[in-house]
Each structure stands twice: as C-alpha cells, then as structure tokens.
Amino acid sequence: MVNLSVRLGDVELKNPVIPASGTFGYGREYAELYDLDILGSFSWKGTTAAPRLGNPQPRIAETASGMLNAVGLQNPGIDAVIADEVPHIAEIFHGPVIANVGGFSLQEYAENCAKLSDIDQVAILEVNISCPNVHAGGKNFGCDPHAAAEVTRAVKAVTKKPVFMKLTPNVTDIAEIAKACADAGADGLCLINTLLGMRIDLKTKKPLIANRTGGLSGPAVFPVAVRMVWDVYEAVKLPIIGCGGVSSAEDVCEMMLAGASAVEIGAANLRDPYACKKIVEDLPGVCERLGVGRIADLTGAAHG
Amino acid sequence: MVNLSVRLGDVELKNPVIPASGTFGYGREYAELYDLDILGSFSWKGTTAAPRLGNPQPRIAETASGMLNAVGLQNPGIDAVIADEVPHIAEIFHGPVIANVGGFSLQEYAENCAKLSDIDQVAILEVNISCPNVHAGGKNFGCDPHAAAEVTRAVKAVTKKPVFMKLTPNVTDIAEIAKACADAGADGLCLINTLLGMRIDLKTKKPLIANRTGGLSGPAVFPVAVRMVWDVYEAVKLPIIGCGGVSSAEDVCEMMLAGASAVEIGAANLRDPYACKKIVEDLPGVCERLGVGRIADLTGAAHG
Amino acid sequence: MKQSLFTLEHARQLTADTYELVLSGDTSAVTAPGQFVNIQLPGKFLRRPISICNWTEDALLLLVRVVGEGTHDLVRCVPGTELDVLSGLGNGFDLTLGGAHPILLGGGIGIAPLYGLAQRMLEAGITPTVGLGFRSGKDAFYLEEFSKLGCRLLVATEDGSLGTRGFVTDLAKNVPECDYAFVCGPTPMLKAVHGLGQLTGGQFSFEARMGCGFGACMGCSVPTTNGYKRVCKDGPILYKEEIVW
Amino acid sequence: MKQSLFTLEHARQLTADTYELVLSGDTSAVTAPGQFVNIQLPGKFLRRPISICNWTEDALLLLVRVVGEGTHDLVRCVPGTELDVLSGLGNGFDLTLGGAHPILLGGGIGIAPLYGLAQRMLEAGITPTVGLGFRSGKDAFYLEEFSKLGCRLLVATEDGSLGTRGFVTDLAKNVPECDYAFVCGPTPMLKAVHGLGQLTGGQFSFEARMGCGFGACMGCSVPTTNGYKRVCKDGPILYKEEIVW
Ligand SMILES: Cc1cc2nc3c(=O)[nH]c(=O)nc-3n(C[C@H](O)[C@H](O)[C@H](O)COP(=O)(O)OP(=O)(O)OC[C@H]3O[C@@H](n4cnc5c(N)ncnc54)[C@H](O)[C@@H]3O)c2cc1C
Ligand SMILES: Cc1cc2nc3c(=O)[nH]c(=O)nc-3n(C[C@H](O)[C@H](O)[C@H](O)COP(=O)(O)OP(=O)(O)OC[C@H]3O[C@@H](n4cnc5c(N)ncnc54)[C@H](O)[C@@H]3O)c2cc1C
Ligand SMILES: Cc1cc2nc3c(=O)[nH]c(=O)nc-3n(C[C@H](O)[C@H](O)[C@H](O)COP(=O)(O)O)c2cc1C
Ligand SMILES: Cc1cc2nc3c(=O)[nH]c(=O)nc-3n(C[C@H](O)[C@H](O)[C@H](O)COP(=O)(O)O)c2cc1C
Ligand code: FES
Ligand code: FES
C-alpha cells in the first residue's frame, strides 16, 4: 500500500493531485463527471474583486503539445464566488480548497484575500502574481522581485491562512522572485503559470488570439516547469506546488523529484476531463514500480 | 512564380531558409544528403577560441514535441574551423555563410570575430550570447542588457562584417536586450536560442541530462519564439532572423509575419535530415496559397 | 456529456472538401439536435468540435469539412479506427419553440445539425422549410438526404450555378410567412439572418475556438444580453433576443 | 545513410519484453553488421536507434526490447504499418580484424547485432564462438537462431537458470584462446569485458542518447583516446584501444 498523502506546510492532502486554476472552474463541471473527493485539493478559477468578462474571442489557440489561452481572468467576482460558489463547493468537495486570487493592485490582492480568510474550506490562498499592476503602467507583478514581495506582504498582513505565491515563468531568474516572496513571508510557492506565447493565422495574417498573446501551457512546457521547480527548490525552503505540462502519474512523480510537494494539473483536464481521476488512479502503481512507499519521499529526491 | 529572395540588411539570400547553429555542424553531414546550394544560408556550429569537448553524456533528452540538448558547444576551435572547415564549406556550399560565434569573455568574442572578418564567404557574424561570462561569476551575457551591449560593442569594434546578436529567450524582457544590442551597434538579431529545461529519470531519480539542465527546442517552443520575434520587431528596426520550433514552410511564413526577415531551422533537421530541403521545396506552394508573390512582403505583415 | 470510444464505420466523400462519417458507439448522452461532439485526434492537443448531424441509439452521423490538419486526419481515418469522443455537448436546438412552420437555414458545412433537427421536427409533426446555401453547385451536398426526409427544400448558391443566385437570406425572404428560424453557418451568415425583419425569433448555432468543450475553461465565452455565455455549454445555440454582435 | 519508408511485415514476441521485427524496404545503405537504423515514431520527437540484427536486400531484422513508450509503440505496430527509417547508420563491425576464431559477447538485447555479424563471419570462413548472457532463462532468446547458424554457442545467466551461472565474462574466461572480442551489451558489461586480460583487441558497440543519429548534432559524443567521437557516426563500434571509461 503506497502512502499518497503529502503536506503543503500545515495543510495535509490525501494525495498530491490538484487541478490547476482556470482549468477546473469552481468544480461544477467536473463534479458531474466524477467524485471530486478523490482529489488532494483543487485550485479554483482566478478570482478578482470585480466580475470580469475577460478578453474578446478568440481566446484559444492550439500549439504543438500545448495550447495558448487568453481567457483574461473571466470570473464572477469575489462576492459572487463567496455567495454562490463557496456553498456549492462544500456540497461537491469535502477536502481543502485552494483559492486562487488575482489582482491588479496591492489593495485588490489584500482585499480579496481578507474576504476569503474566514472561509473554513479555503485551506490555502494561491496568489496569482502574473497580473499587470495598474498602478505601475501595467508591469506584471510577478516579473519584479520587489513587486512580488510587496504583494506577498500586503496579503500576509490581512490573513492567517497560508499564502502560496503563484509565480510566472516569464522571468530571467525565477529563484530570485521566489526568494523575494519567501523573505516577504510567503508560506509556499506555486509554479509555473503560463509562458507568454503567440500564434499568427496565415490566412488572416493576424494574431490568432484576439488579445495578441496568450499563455502557453500543456506538455510542451513541462521541461521548463521541472527546471524552474528545481531552481526554486534549491533557492528557498518553502513547500512548492509544481505545475506546468503535467499529464500523467509519471509526470507527477518527476515534478516531485524536482522539488514539488504537490502537483497541479491544468491543460490536461481540458483535453481529457478525467485526467486527474486517471492520474490519482495510476499513482499507486507508478510508485510501486519506482519502489516508493511514501510518495512524499519523492519531493526533492533528485537533488544533492 | 513566387519570389523567395530576402535580405538581412545588405546580405541577400535566395530564400529565407537557414539551418540553425548546432544542428548542421559545418555542413559536411548534410552535403552528403542534398545539394546545400538550395539553402538561403546556413549557420555553422557555435565556434569558440579553444577547442571544446563539451559536456558529459547524456547530452540529449526527449520532451513533448521537442528535445533538450546540453552539447556544451563542442567544437574544434576557431583556428581548426578556419583551417579545415572553411575551405571545405567553399566546396559544398556557394552562398553566404553565417558564422556562429561563442565566447566566455568579451575578449574571446572579439578575437573570434576578428579572425573571421577576412573570410569572404562569411556574410554574417552571429554572436551567441547565451554563454556564461567567466569574468562575471558565470552570469549569462544574454540575460543582462549591459552585458549584451558590451559584447555587441566589443565585436563591432573589430569587424566590418554585419553582426547579428543571437538572443536567449530566458529573460523577462527580450525587447530590452534587443534594444541594448541595437543601441550598441548590432546590424541584426537572431532569436531565439533554447529555453532552459530539465527532465528527471524516474528510475535513477537523477536529471536525465548529465549537465542537469539542457536547452529546449523543437515545435514545443514555436509559440514562444513567435511572440518574442513579434516583441523585438516592435522594439527595434533591425533585421531579425526568427528561430525556434520551425518545422514547416507554414511555420516559416508565420515567423516572417511576426517580423522575421529570414528563418533558422534547428531541431527539425535532427528529426528529419531533409527538413530544410522539404521546406525550401514547399515554400512556393504555401506562398501561392496565401496569395504572396514576394515572400519578403510577409516580414512583419501581421503588425499594425 | 459522456467520454467514450467510438469506432469509425465509414467515411464517404461528398464534395471536394466535405465528408460524411458514421461513428458507432454509445450515444446515450446525446439529447437534442444541435449538440456536438469533441473528438480527440492523435498528435493534436485540443479536441475538434463537430456538430451531430444525426444520431441513432448506437451511431453518430457527422459531416466534416476539411479546413486544417485535424479535420484532414479525421476524414482519412480508416474504418475501424477508434476515436476518443466527448458526446452530447452543448444545449442543442429546442424544436418546440419554432411553431408549426419554422425555417431552417444552413450555410455550407453549417447545414449539418439541421439535418437531424429537420428529421426530429417532422417526427414531431412540425413541417420545416429548409434553406441551404452554398458557394456554388459543386460545393452542395446532402440535398437528396434533406429531400428524402420530406421537407420543403430551397437552395441558393452564390454563383447561381444551382438554385437561387444569392444567399440563404434571399431564400428566407421568399417565404415571408416563416417568422422563426433555426440557423447554422458562418458568422457573416448568422449575422445577416439575424438582421432579417421577418423573424420574430430564432435559434442560432455559434462556433468558437474551444479549450475544453464542456464548460470548464471560459475559452469560448461570448457576450450576450444575458451576460457572458459559454458557446460550448450554454450554447452552441443562442437565441435571437440574447445575441450581441 | 538513406531515408526511406519501411513496411512492418511481422512482429513476434520472444520473451516478456523482447520482440523480433521484420521490416521490408530498401536496405541498400546497410554496409556492415553492427550498423543501426533510426526510426521515426508518431508522437515522438526524436527517432529511436535500433541495431540491425540482420538484413537481406529488401528486409531488415530487428530485435527490440520494450523499455519505454517508443519501443512499446514500435513493437505494437500492426503489419503493414509504414515507418520512416534512416538506415545504414554508423560504422559497423569490421569482421576482418578479429582473426579466425574471435569471440562474440552479447548481453541481453545487445545480442542483436551479433547475429548478423556471426552469419557474415561464417560466410567469410571465420568461426566465431558466441557467448550470450541473460538475467535468467526466461529472458533468453535467439539461442536456436544462433545455433542454427552453426557457431559454437555458450550461454550464461545471472541466476544460473540456464547455462553457466554468471556473466559473459565468465564465458570468455572459459575460452582463453579467444583473444579478440566483438561485444555489445549494457555499459557495465562492456566495461567488464574490456577489462579481460585475455583480450589483445576487440570491437565494442556503444549506446548513447541521440539527437540526430547521423553526425550533425554532437549529442552522442564520447571521449576516446583519439579525441571525442560521435557514437552515431564514428561509432557505434569503438575499438578496444581507444575506449576511455
Ligand atoms: C460547436 C461547433 C460545431 C462544429 N461543427 C462542425 C461540423 O459539423 N463540421 C465541420 O466540418 N466543422 C464543424 N465545426 C468546425 C470545426 O470544429 C473546425 O473546422 C475544426 O476544429 C478545425 O480543425 P483543423 O485541425 O482541421 O483546423 P485548424 O485550423 O488547424 O485548427 C486549429 C485549431 O483551431 C480550432 N478551430 C479551427 N477552426 C475552428 C472553428 N471553425 N470552430 C472552432 N474551432 C476551430 C481547432 O479546433 C484547433 O484547435 C464546428 C465547430 C464548433 C465550435
Ligand atoms: C546504436 C544503438 C543501438 C541500439 N540497438 C537496440 C536494439 O537493437 N534493440 C533495442 O531494443 N534497443 C536498442 N537500442 C536502445 C534503444 O534505442 C532504446 O531502448 C530506445 O530508444 C528507448 O526508447 P523508448 O521510447 O522505448 O524509451 P524512453 O526511455 O521513453 O526513451 C526516451 C528517450 O531516450 C532515448 N533512449 C532511451 N534509452 C536509450 C538507450 N539505451 N540508448 C539510446 N537512447 C535511449 C530514446 O531514444 C528517447 O529519445 C540501441 C541504442 C543505440 C544507441
Ligand atoms: C484556460 C486556462 C485558464 C487559466 N486561468 C488561470 C487563472 O485564472 N489563474 C492562474 O493562476 N492560473 C491560470 N491558468 C494557469 C494554470 O493554472 C497553470 O498554471 C498553467 O496552465 C500551467 O499548467 P498546465 O501546463 O498543466 O496547464 C490558466 C490556464 C489555462 C489553460
Ligand atoms: C543540438 C543543438 C545544438 C545547438 N548548438 C548551438 C550553438 O552552438 N550555438 C547557438 O547559437 N545555438 C545553438 N543551438 C540553438 C539552435 O541554433 C536554435 O537557436 C534553437 O535550437 C531553437 O531552434 P529550433 O527549435 O528550431 O531547434 C543548438 C540547438 C541544438 C538542438
Ligand atoms: S471551451 Fe472551455 S468553457 Fe467552452
Ligand atoms: S546523435 Fe547527433 S551527432 Fe550523434
């Protein structure tokens, strides 16, 4: 019997499998397909203060072993999420939930996190800093260590919940950003968000994504994600949620070997709605083949 | 009849198809397979001052729609290249050659470029700045705008040949690096080099690449490359050689629409040794389908 | 929605770029004409959404126009090929809302979902008029199939090589008594039909690039007068009064 | 080297994880035993290098051990499947250098290239002794095939369930008169054989992860006493005196 349980700081998960933000909505669509209680957790759709309509169509393009999305954080806004989604989540899932939070100013991040702090089922606040800072000419918070640290501090000041900063891969040195977040008090890190990418329609000679660029995810980015998880594991002592291109139980193990304590699965759910269920089912067998009795022992085992 | 000729500054190429550095050696292996004179140009293997043995085995790993390599700039050194390869190239290829140059110090870059300046067939010096600076604790020249500018100036000071700086994608803002190179006098840019990636062997629980990380290339990176070419095209007025994941005539056109004047093809040659030949053969048909009479008109046509 | 394996039974070429496919498998998730399936293809990351042209208990009929690599590979599958299919996606047409004599308007490959719709209308005692538009006579398909159902069939081609010269809007104008339309086709056609003064109501089938096809990613959302709707889950059928261009 | 399509004619399972494949196609680029082919597989970016076990004018014999997805997919191809193959890669064995009574030592799937080598040696009037090593009796294969060639065959298994208990080095030590070896197998085996005092010379087939397989990328380079050599082009056969561990 393989022990699949893992810890993210003080939060215990029955297994390391977590559907990633933006690919699992607030759980509704998948709850019609399988019992969500098999999951370690799930990370809900990035939620902002105001409702957001997102970007114009088209928002999706295909790439080799991956996809671009420019959904643009479409979500009903934090108050609607607390009013309508949180009670529904309590019905369809009984484990710890990861609340993904977006924001366009320090204040918005802090307010959103404050509002979520009293919700019992929210076990972790996952702060997506791949958002443009409206007060700094749209510069992405996650691309600058100072801005990343500021968001971390702003959020930590208003909540007792564990705060995991979700890092963007579109940086020269992700370990530097990770360290800045760690020094500012983050309880953990989640990486990677999507890589900036673009496709052009040969017929119209215009970008395929109306918003011009989109976020690249899927198996194509897996080696980049593994490398960044490795780098961050070497740089900071915080628990890491590994994410990016994971689509099999083997990938989960590889991500953990690189340093992840748990693993998020994004685009794979869109291609195969049962992806996470299959991964949960496959994990014990893969661990047995690898001679691993406690999956948590894989975390960082490729280092040193 | 589609006109396939393109210009890289003052250098005219019969078509935009250029095998990328490190995937075409010095032309020998491919010359046994097809007539290299069908190519616009080719970029030879990154050449350093001293002969380099490269990294330990394994140096190669597979990824979804791509590969990692950590060859480590194995090459016979610039003097041997000038003595043995340059005369041989003159026999197998009669067009303009792009000389890819590596270096681990400003001085090395400058000396290498100086040595190549008198070779008639070398039409462009392609300066690979994805190399660690031994005088700056191994920091990568290409990750810092000042260092990138310094290399540009050092090289421009010693040669009258057009200098194309080859940029690394592992940066927060590639347009910033491009601008620094442009301001320092670069005649053109080539992008992208490989993305830093990593795979871990589940059986040995160690990185698959002996050097730990490798450079990711192949179709997986295509959307990232297109996005960066777009960004750089908007930022500087220099000719751009687009590179990264190109594997079909359609991809060549897409890269040109993003802003490339010519296109390099790397990993695709390894998977299919005739890849560049096929692309050259397919280009006229693809242009006709797109209603393009002069392929050079595609450059940047998706902008504005 | 259901994920299951379907087996390609046959593929028949209808025009230069259009094919008819029959897939056998469990169609229990299909509940209404106008729904679609989302098909996984080897080597493609995203699935390909295709309307259900018609269905029986154990088979799907699809009409596919080759526009890119995915559709190219799909129509070239050999009989016996197994395909991973999400079936019964989307809301589908509500055939009870169109009155006794609605008009069904389809352009090009957009005629596909109208076929199953027409058949079910006839079964329910509704007698639709069907107007189909093509670029030219050589692009036309499924005329006999629609005729055999026993519905009134009008055809328009842009070059006039078959039927009326013009668009499906011209066909609709010739039957001004039809004031409710079921529509599927390219966006400009949807828009033109939507603008027809004679219509008091209608159901329009939309397309969008999809990430998932089952409502999870917001990749396909479009604005409507009822807020944003997901083409894949809240659509692909949108109602005349809620459509925003 | 030649790029061409080969057709899988048959696949036969030899052990739990080992298969014999016959591919028909143009083998004109194959010039010596010990060369290899590099096979493109759908959905895999890199080709898979496989030794040529034997060949005729229009067919290749391959022995494949399933270790990952690529080899898994390869052995499961149905007869008739066309494969894009680079054939005739690498230097191959030079059978003229081993004297009249060389020893051929193979471990596991490494026995593959020794089969064609043995046959060609016998045709050339050379009588090799063949020593094959396996983990256990149930992993052994191609014993009859080697026997039928008419060469002296010795077998070792690690667990002693078949032939001598031990390794191919133990087999070699039993024929001390053989002082030239042709060797293929896992690296530890190559190293052990390389260290055998009785050998005055030998040819060793190496493996390396490959980017191209035809000498262009330097992905497979290994140090030798003659400088770096590309396993794919200057090898896969390296000579005893040049090998550096
Ligand atoms: C609800 C719905 C029903 C459809 N029904 C049919 C049908 O019955 N018959 C038919 O032939 N086609 C239908 N289509 C269009 C069909 O999905 C596309 O033609 C197909 O996805 C193109 O794939 P490709 O690989 O050939 O083209 P590519 O252009 O190479 O595809 C690249 C990407 O863009 C997407 N894409 C391209 N065109 C479209 C499009 N028009 N709509 C949505 N995504 C697109 C693809 O799915 C893929 O992700 C329908 C689309 C939708 C949304
Ligand atoms: C010159 C040469 C001759 C070979 N001859 C044979 C043979 O006759 N029969 C046989 O069964 N196998 C042979 N191999 C090994 C065979 O190439 C690998 O087992 C195979 O590539 C594994 O692919 P996979 O997708 O199943 O495994 P994976 O582990 O999933 O492959 C992942 C990547 O690693 C590479 N790889 C994995 N193992 C090896 C290896 N041992 N050597 C080189 N690359 C590897 C793969 O090619 C692929 O790029 C030979 C290898 C070389 C270099
Ligand atoms: C359609 C889509 C929407 C996403 N929305 C969000 C989001 O709202 N917040 C966030 O932090 N990440 C978002 N992501 C990023 C994913 O959570 C994940 O970090 C990324 O896709 C990499 O993982 P993958 O390769 O497994 O998809 C989104 C990704 C996709 C594909
Ligand atoms: C095996 C290999 C070796 C490479 N060596 C070099 C090199 O010496 N110098 C250089 O500038 N780029 C080198 N590159 C990078 C390529 O030239 C190219 O920039 C990169 O691979 C992206 O293009 P691709 O996706 O078409 O391969 C190498 C790439 C590969 C795959
Ligand atoms: S395609 Fe994902 S919500 Fe519609
Ligand atoms: S694999 Fe490319 S040189 Fe050997």
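Remarks
- Residue check, B:T48 touching an Asp or Glu at 6+ places or on another chain (Cβ under 8 Å) and of a type in the set (S, T, Y): yes
- Being within 14 Å of another protein chain (Cβ to nearest Cβ) and either within 16 Å of ligand 2 (Cβ to nearest atom) or within 26 Å of A:F222 (Cα to Cα) (or both) is a property that holds for A:T63.
- If you go through the stretch C:224-239 and pick out every residue that is more than 10 Å from chain A (Cβ to nearest Cβ) and either within 16 Å of ligand 2 (Cβ to nearest atom) or not in a loop (DSSP other than H, G, I, E, B) (or both), you end up with 5.
- Of the residues in the stretch B:263-273, at least one is in contact with a Gly (Cβ under 8 Å, 6 or more places away or on another chain), away from ligand 6 (no atom under 16 Å from the Cβ) and either without any contact (Cβ under 8 Å) to a residue 12 or more places away in the chain or not in a loop (DSSP other than H, G, I, E, B) (or both).
- Counting the residues of the stretch A:204-224 that are touching a residue at least 24 places away in the same chain (Cβ under 8 Å), crowded, with 24+ Cβ neighbours inside 10 Å and at the interface with chain B (Cβ under 9 Å from one of its Cβ atoms) gives 8.
- Test: residue in the stretch D:138-151 that is farther than 18 Å from D:I52 by Cβ, hydroxyl-bearing (S, T, Y) and touching a residue at least 12 places away in the same chain (Cβ under 8 Å): no
- Condition broken by D:Q40, with the remaining ones in (1) under 19 Å from D:A216 (Cα atoms); (2) more than 16 Å from ligand 4 (Cβ to nearest atom); (3) polar (S, T, N, Q); (4) in contact with a Gly (Cβ under 6 Å, 6 or more places away or on another chain) satisfied: (4)
- Residue in the stretch D:63-74 that is within 14 Å of chain B (Cβ to nearest Cβ), outside any helix (DSSP H, G or I) and either basic (K, R) or away from ligand 1 (no atom under 16 Å from the Cβ) (or both) present: yes
- Screening A:C143 on (1) within 19 Å of B:W230 (Cβ to Cβ); (2) in contact with a strand residue (DSSP E or B) (Cβ under 7 Å, 6 or more places away or on another chain); (3) of a type outside the set (F, W, Y) shows it passes everything except condition (2).
- The stretch B:1-26 residues that are among the basic types (K, R), paired with ones that are modelled with pLDDT of 95 or more and buried (at least 24 other Cβ atoms within 10 Å of the Cβ) (beta carbon under 6 Å, 6 or more apart): B:K14/B:G40
- Tabulated pairs, the stretch B:179-196, first within 14 Å of another protein chain (Cβ to nearest Cβ) and more than 16 Å from ligand 5 (Cβ to nearest atom), second of a type in the set (K, R) and assigned to a helix (DSSP H, G or I), C-beta under 9 angstrom, 6+ apart or interchain: B:L195/A:R227; B:L196/A:R227
- Of all the listed residues (B:P58, B:P76), the sole one being in contact (Cβ under 8 Å) with a residue 24 or more places away in the chain, away from chain A (no Cβ under 14 Å) and farther than 21 Å from B:K115 by Cα is B:P58.
- Only one of the numbered conditions (1) more than 19 Å from A:L73 (Cα to Cα); (2) among the small types (G, A, S); (3) in contact with a helix residue (DSSP H, G or I) (Cβ under 7 Å, 6 or more places away or on another chain) is not met by A:A182, and that is (3).
- The strands (runs of 3 or more DSSP E) falling completely within the stretch A:52-109 that include 1 or more residues that are more than 19 Å from the chain's Cα centre (by Cα) and surrounded by 19 or more Cβ atoms within 10 Å (Cβ to Cβ) map to A:60-63.
- Some residue of the stretch D:2-13 being in a loop (DSSP other than H, G, I, E, B) and away from ligand 3 (no atom under 16 Å from the Cβ): no
- Listed conditions (1) over 26 Å from B:N69 (Cα atoms); (2) without any contact (Cβ under 8 Å) to a residue 60 or more places away in the chain are all met by D:L14, apart from (2).
- Every condition in (1) within 16 Å of ligand 1 (Cβ to nearest atom); (2) at pLDDT 95 or above is met by C:P42 except one, and the failing one is (2).
- Criterion: under 22 Å from D:P113 (Cα atoms) and touching a Lys or Arg at 6+ places or on another chain (Cβ under 7 Å) - qualifying residue of D:C220, D:C212: D:C220
- When residues in the stretch B:230-273 are screened for being within 15 Å of B:A20 (Cα to Cα) and at the interface with another protein chain (Cβ under 8 Å from one of its Cβ atoms), 7 of them pass.
- Residues in the stretch D:128-174 that are part of a strand (DSSP E or B), over 18 Å from D:A192 (Cα atoms) and over 17 Å from the mean Cα position of the chain (by Cα): D:R152 only.
- Residues in the stretch C:192-223 that are within 7 Å of chain A (Cβ to nearest Cβ) and assigned to a loop (DSSP other than H, G, I, E, B): C:A208, C:R209, C:M210, C:G211, C:C212, C:F214, C:G215, C:A216, C:C217, C:M218, C:G219.
- For the stretch C:129-150, the condition holds for at least one residue, the condition being that it is among the hydroxyl-bearing types (S, T, Y) and at positive phi.
- Qualifying residue in the stretch D:120-128 (condition: touching a Leu at 6+ places or on another chain (Cβ under 7 Å) and surrounded by 24 or more Cβ atoms within 10 Å (Cβ to Cβ)): yes
- Selection count where residues are among the aliphatic types (A, V, I, L, M) and in a helix (DSSP H, G or I), scope the stretch C:175-191: 2
Every residue, every condition in (1) away from ligand 6 (no atom under 16 Å from the Cβ); (2) surrounded by fewer than 17 Cβ atoms within 10 Å (Cβ to Cβ), yes or no:
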position: D:E177; (1), (2): yes, yes
position: D:L190; (1), (2): yes, no
position: D:S221; (1), (2): no, no
position: D:P236; (1), (2): no, no
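- Leading residue by the ranking (nearest to the chain's Cα centre (by Cα)) among those in the stretch A:260-283 that are hydrophobic (A, V, I, L, M, F, W, C) and over 19 Å from B:I200 (Cβ atoms): A:A267
The values are calculated or read from the model by the stated rules, or taken from the named source; none is laboratory data. Remember, it's a predicted structure, so these values are computed and weren't measured experimentally. Ideal geometry is used to build each Cβ from the backbone, glycine not excepted, and the neighbour counts take in all protein chains shown.
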